[in-house]
Structures are given as structure tokens and as C-alpha cells.
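Colleague: Sharing a structure, written as C-alpha cells. Questions coming.
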Amino acid sequence: MIDADFAVRGAAELLTMDWELAKPPALLREAALAARDGEIVWVGADRDLDGAVALRPNATVLDATGQTVTPGLVDPHSHLVYAGDRAHEFALRCGGAGYLEIARAGGGIRATVAATRAATDEELLALALPRTDALLSQGVTTCEVKSGYGLSVEEELRLLRIVRTLAGRTPMALVPTLLPLHALPPEAEGRRDAWVAEMVDELVPRAAREGLCRMVDAFLEEGAFTAAEVRRLFARAREAGLPLRLHADQLSDGGGAALAAAEGALSADHLERVSPAGIAALARAGTVAVLAPVATWVLRLPSPAPARRLLEAGVPLALCTNLNPGSAPTESVALGLGAACLSYGLQPAEALWAFTRGAAKALGLDQRIGRLAPGLRADVALFGCADHRHLASHLAVSHCVAVAIGGRLVASPRGARCSPPGPRIT
Ligand code: NIG
């Protein structure tokens, strides 16, 4: 018998994500899962649990009858530490204004940088916490958080320290990413090279020395940063032992996907304008394509990322909220799932795979999270619907009833059936 201190029982559907995305989903029906000391030890049919698993008397048992169970969702791309509001940009975009037009008029990332710099640490934490709570209550158990709204050495370090403090205030696992080349701040006009040198040669080693970030990211785009600048950053990040990510081919085909692949980046993100050569390069390198369907929609870009072509080429796919005040001003995971299905022609199970296993791959964490299989961390989300397709089709509405991280019930947004009862976090 396998000893366990946590179990989920009677799931109408349990999606292990233990399949490759191109293959059909391995749905388990009337399924159960058991964990011990935070790790999954058993997954199978509910009727077999009692014969295989000895539950300790004080074990936490979640009744998932009539519910869908997935691995804890993973958000691999967010910018959730920021101050200020850019609702007026939304209105401008609805009136036809474009991304670069808004940025050149002083809006966009620079506007958030000004508001974020003006906010105190406590103010930024107070703004960020409800965002992490909102993600957690929808079943997100791991979330990547980027800097990128500080844009000076000290301000970027400050944002990363705030992410570290935030990580101590939420049960969700936060993965901090340094995003120094996000936009050129106004004070760097006329001294661009010197500013880039500070970001690359001073900031990256300091952030690495202090252990403040797990990855380094950049925005390669017309109006943002060039391939040469990104390569310079990546060389320094590699020296510091930090994995790479890249905002690539979002507004124009700048060869970002090929650069990300050539540099061995974990992911290339956005990719609305990726070229066939870029797709082939990602496939060869095994670089994950992180797609942000809500941003494509909010920015009113002419076409979505070619998700099917990426999949057919063998590129692993991930989905993210991209939560930020400009291109993705929403915490809604369900909106992202629905938009991915409608924009890309993904099946709901494929979109869920991309929001769990694919996202874990994008963070280099797929040996630890993103699947329900023995040996992985017992991060589990329970949803109050018997058919997983509701998670995408009921647009922008979360069905999450319970969230466990490391085999511990951490949120119960709609009253989980738990013995003994756990915390209720709405
Ligand atoms: O991932 N593309 C660049 N960065 C963000 C947008 C951030 C913002 O507009 O504030 C993104 O979409």
C-alpha cells in the first residue's frame, strides 16, 4: 500500500496532461489522485484508490464528485507588479490608435514606468496582491512575474525585491524574471548605448548575485530593442547562469523567433508575426511558443499567432495571461482559454495543456509541475463542472472551486468539499 496524506476523489474528469500536445488527451473519468509530503504518489481510477493507497487518519481529502481536476494552472508570462491605469489607451485603441502611436505619444510602457516609479514598495505590493489572489482563486499555482517597469538599475532591482516579498505573501509559487530591455526610459534618450550597457553589465550581474531572478527577458521589436542589443543582454545573462526568454515577432517579424532559438531561449513569446523560418527554428531548438491571445485581441492586431502551424511543426505551445495594464488588462484565465480556442482553433483540452504542461516547459519546470503524475508536486485545481470544455466555453468565468499546492488546500473560492475543512479564499 502507498502511504498518503492528501487525496482528491471521484473526479468526473481528471486531465493528467501526461500526453504530448499533438496526441489526443488522456482523460481519466471517475478518477482519483493521492499525494504524500507534497508530491503525487498515485493517480488512477477512484474505485482502485482504497486498494492501492493507505490514507493517513489526518489526511486532507477533497471530494471532486461531478468536477473536473487539472494540474495547477501555470501562468508563464505576467507583468503584474505595476501602478497606474491605462484605461484611456484602451479607449484610444477602440478608436483605431495603434501600439506604436500610443507609445510615441507618451503612453504605453513608459506611462506605467512613470506611475510605478512614483509608487512606494507598500503601494506596489498592495496593488499586486489582489492580482495574485485573483489568479490563485482561478487555479493558478505557479506564476511568472516580470520586472520591466523600473528601467533603471535600482528601480528594476526594487521591483524584483517586491516580487520576492510578494512571494512570501501568497501560497502561489512566483517565478521572477528580469526584463531590463522592455522600453527605453525618457532619461535614456540620447544615451541609449550607455543605458543599455548599464542594464546589461551592471543590472544583470547584480540581480543574479542577489538571487533576485530566475530568468532574463527582452522585447525585440521596432520601437523597442534591436537584435544586437538583445544578444548583448543574453550573453551576459548566460554568463550569470540565467535562462532566457524573448518577446518576439509580436508587432512585426523582426526575426525574434529565430534569435530566441539560436540563443537557446526557453521560450519565444507572442509570435503573431512569426515567419515560417522562425517556426522551423523554434521547432529545431525545442523553444516553447508562449502565446498571449488576449493581447492580440486588445491590441487589435491583424492576425493571431499561427498556433496550429506551430503545433504541426512540433513547437511546444504555452498560453499565458500576459497580465499587464496595457495589452492584457485582465486577470481572467478563462478569457485566455476561451480566446485561445476561438482565435487559434485549439480544443479546450489543448488550451488547458498549454496553460499547464506547456507553460511549465516555458519556465523550465516541467519535471516538477504541469502534470498529474507520481513524483511531481501535488499542485491541483478543481473546477465545479463535470466537462473540462466548460473551462474555455463559459467565456471569462472561472469554475474553480479548490486549489491545492504541494498537497495542501490553499484556496477554496467556491467552497470546496474538503475533509477536514480548509481555508476559504474568495
Ligand atoms: O507582453 N510587449 C511588450 N510588453 C507587454 C506589454 C506591456 C505594456 O503594454 O505595458 C506585453 O504585451
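Since every read-out is calculated from the coordinates, none of them should be taken as a lab result. Just so we're clear, the structure is a prediction, and the values are computed from it rather than from any experiment. Every residue, glycine as well, gets a Cβ built from its backbone with ideal geometry; the counts of neighbours run over all protein chains shown.
Colleague: Just to confirm the filter: which GluC sites (Glu not before Pro) across region 151-183 are DSSP coil and have at most 12 other Cβ within 10 angstrom of their Cβ?
Modeller: Details: sites: E154, E155, E156; in loops: none.
Loop-located and lightly packed - none at all.
Colleague: Report, in whole Å, the centroid distance computed from the Cα atoms of region 237-294 and region 362-423.
Modeller: Comparing the Cα centres of region 237-294 and region 362-423, I get a distance of 29 Å.
Colleague: Given the peptides 340-347, 171-178, 204-211, arrange them by the average over their residues of other C-beta atoms within 10 Å, most packed first.
Modeller: Sorting 340-347, 171-178, 204-211 by mean packing, highest first, produces 171-178, 340-347, 204-211.
Colleague: Let me ask something else. Principal axes first, then extents: for the Cα atoms of the chain, list largest minus smallest coordinate on each axis, whole Å, largest first.
Modeller: 71, 44, 44
Colleague: Given a cut-off of under 8 Å on Cα pairs at least six residues apart, what relative contact order in percent is computed for region 73-362? Before the final figure, lay out the partial values.
Modeller: On the way: 593 pairs, mean separation 52.0, N = 290.
It rounds to 18 percent for region 73-362.
Colleague: Separate question: Find, among the GluC sites (Glu not before Pro) in region 1-97, those assigned to loop by DSSP (not H, G, I, E, B) with at most 16 other beta-carbon atoms within 10 angstrom.
Modeller: Here the GluC sites (Glu not before Pro) that fit, given the DSSP loop and packing criteria, are E20.
Colleague: Would you compute, from DSSP H runs of 4+ residues alone, the mean residue ellipticity of the chain at 222 nm, taking -39500 (n - 2.57) per run and dividing by the full residue count, rounded to the nearest 500?
Modeller: That comes out to -9500 deg cm²/dmol.
Colleague: Using the C-alpha gyration tensor of region 80-126, what are the square roots of 5 times its eigenvalues, in whole angstrom, with the largest one first?
Modeller: They are 24, 11, 6 Å, listed largest first.
Colleague: Quick one: of the DSSP bridges fully inside the chain, what percent are antiparallel, nearest 5?
Modeller: Details: 28 of 61 bridges.
In the chain, approximately 45 percent of DSSP beta bridges are antiparallel ones.
Colleague: Based on the alpha carbon coordinates of region 64-144, what radius of gyration and maximum Cα-Cα distance (Dmax) apply, in Å?
Modeller: Reported Rg and Dmax, both Å: 16.7, 54.
Colleague: Pop a pseudo-label 7 angstrom from the Cα along the beta-carbon direction at both A45 and R164 and give the gap in nm to one decimal.
Modeller: The modelled label-to-label distance comes out at 5.1 nm.
Colleague: I would also like to ask the following. Return K146, K361 ranked ascending by Cβ neighbour count within 10 Å, so the fewest neighbours appear first. Each step should come with its number before you reach the end.
Modeller: Details: K146 27, K361 24.
So the ranking, lowest neighbour count to highest, is K361, K146.
Colleague: Another one. If packing is taken as the mean number of other Cβ atoms within 10 Å per residue, what is the order of 41-50, 275-284, highest first?
Modeller: Taking the mean over residues of other Cβ atoms within 10 Å, the ranking is 275-284, 41-50.
Colleague: Okay, moving on. When the Cα centres of region 71-109 and region 154-213 are compared, how far apart do they sit, in Å?
Modeller: So the separation of the two Cα centres works out to 19 Å.
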